[in-house]
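Please read the structure below before turning to the comments.
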Amino acid sequence: MRIFAKKNKYFIAPVLFLVACFPETRGQENEYYLWTGVKLSKEIIPDLKLVINPELRTMFNFEKKELFMETGLGFDPFKFLGLDLFYRLSREYSSDETITQHRFAFDIQPKAEINRFSVGLRIRYANYSEGG
């Protein structure tokens, strides 16, 4: 336990500082969101995977809720590049209406591994359609 605390002391101090400063940066805004989700993926064949990503987003006072179900295929043609194609169905629930949205997205993900760290960037093209 002592070794764990020594290694993470440089991480804990900046996080505590940011948390302490967070209310000051928010100003008069009183809306907070909680996003909860899980990402499941299964490799179908080498370098091709099926991805399912359900997610629930709520406002802090639970006045407004959004439910997402994102499914897609991920392809890694090279060690340094990933390609993903997703379909997202989302429903937004508020006190007076429900909005259903359908969205397709295409991601290009350049990535690199440096020692035990991995660095990546996601470039996404997505369409937007809204229905009632």
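Residue pairs whose Cβ atoms lie under 6 Å apart, sitting 6 or more positions apart in sequence or on different chains, and linking a residue in the stretch 83-105 that is under 12 Å from F68 (Cβ atoms) and assigned to a strand (DSSP E or B) to a partner that is among the β-branched types (V, I, T) and open to solvent by 40 Å² or more (accessible area, probe 1.4 Å), are Y87/T71. I need the full set of residues from the stretch 28-82 which are of a type in the set (F, W, Y) and at pLDDT 80 or above, in order please. Selection gives W35, F68, F75, F78, F80. Just one of the listed residues (E97, E55) is under 23 Å from T36 (Cα atoms) and surrounded by 11 or more Cβ atoms within 10 Å (Cβ to Cβ), and it is E55. Taking the criterion of being free of Cβ contacts under 8 Å to residues at least 12 places away in the same chain, outside any loop (DSSP other than H, G, I, E, B) and open to solvent by 100 Å² or more (accessible area, probe 1.4 Å), the only residue of the stretch 115-132 that qualifies is F117.
The values are calculated or read from the model by the stated rules, or taken from the named source; none is laboratory data. These numbers were taken from a predicted model, which means no experiment stands behind them. Every residue, glycine among them, receives a Cβ derived from its backbone with ideal geometry; neighbour counts consider all protein chains shown. Just so you know, the surface numbers come from the protein's heavy atoms only, side chains and all, with ligands and any DNA or RNA stripped out. Shrake-Rupley method; radii C 1.70, N 1.55, O 1.52, S 1.80 Å.
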